[in-house]
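Chemist: Pasting a structure below so you can have a look.
The values are calculated or read from the model by the stated rules, or taken from the named source; none is laboratory data. This one's a predicted model, so the numbers in the text were calculated from it and none came from an experiment. Positions of Cβ are generated from backbone atoms using ideal geometry, with glycine treated the same way; all protein chains shown enter the neighbour counts.
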């Protein structure tokens, strides 16, 4: 019975941990991103954590602070 309870507890904790959403320190939405080295040039969203760019994509990442850069270039 104790093993069964332990297995259930581990399963529940695993499910809870996987459902936690991660919010970045700063997200800049709809900014024009240009990288001459890779020829990347498009409107994208930028996620920043601890002063480092950690993600650039077209999705909508969650952030503690967000800036809408649409039309600001």
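Chemist: So which pairs qualify, if the first residue must be in region 49-65 and on the phi < 0 side of the Ramachandran plot and touching a residue at least 12 places away in the same chain (Cβ under 8 Å), the second must be loosely packed, with under 12 Cβ neighbours inside 10 Å and assigned to a strand (DSSP E or B), the Cβ gap must be under 7 Å, and the two must be at least 6 apart or on different chains?
Modeler: No pair meets every condition.
Chemist: Can you list the strands (runs of 3 or more DSSP E) lying wholly within region 14-65 that have 2 or more residues being at pLDDT below 90 and either surrounded by 17 or more Cβ atoms within 10 Å (Cβ to Cβ) or touching a helix residue (DSSP H, G or I) at 6+ places or on another chain (Cβ under 6 Å) (or both)? Walk me through it before giving the result.
Modeler: On the way: elements: 24-35, 40-49, 52-57.
Per the criteria, no element qualifies.
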